[in-house]
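Q: What follows is a structure written as structure tokens; I'll ask about it next.
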């Protein structure tokens, strides 16, 4: 099998290491398993996806709003 040597930055390397299923899994297998999003992120794609999303019920919205209002900054910002 032919191989190619590539250079990647440290963050990319760490992501590959973290994505391994086993410590001896090759990076080639990790990359082949990856799901690559080929489409552009556009408003049209977002609008097309909206009908498939579930709605948040009113009770959940109310509790989120209450939590946000009660979330005050700490007295000591250094603590």
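Coordinate-derived values only; no laboratory data. Given the structure is predicted, the values throughout are model-derived calculations rather than measurements. Glycine gets a Cβ as well: all are built from the backbone with ideal geometry, and neighbour counts include every protein chain shown.
Q: Over the chain, what lengths in whole Å, largest first, do the semi-axes of the equivalent ellipsoid take, defined as the square roots of 5 times the eigenvalues of the alpha-carbon gyration tensor?
A: Semi-axes from the Cα gyration tensor: 40, 25, 13 Å.
Q: For an R0 of 35 angstrom, estimate the FRET efficiency from the Cβ-Cβ distance between residue 55 and residue 30 and round to the nearest 0.05.
A: For R0 = 35 Å, the calculated efficiency reads 0.45.
Q: Please determine, in degrees from 0 to 90 and to the nearest 10, the orientation of helix 58-70 with respect to the longest principal axis defined by the Cα atoms of the chain, where the helix direction is its Cα long axis.
A: 80 degrees
Q: How fast does region 1-45 diffuse by Stokes-Einstein, in µm²/s, taking the Kirkwood radius from C-alpha pairs at 10 °C and 1.306 mPa s?
A: 124 µm²/s
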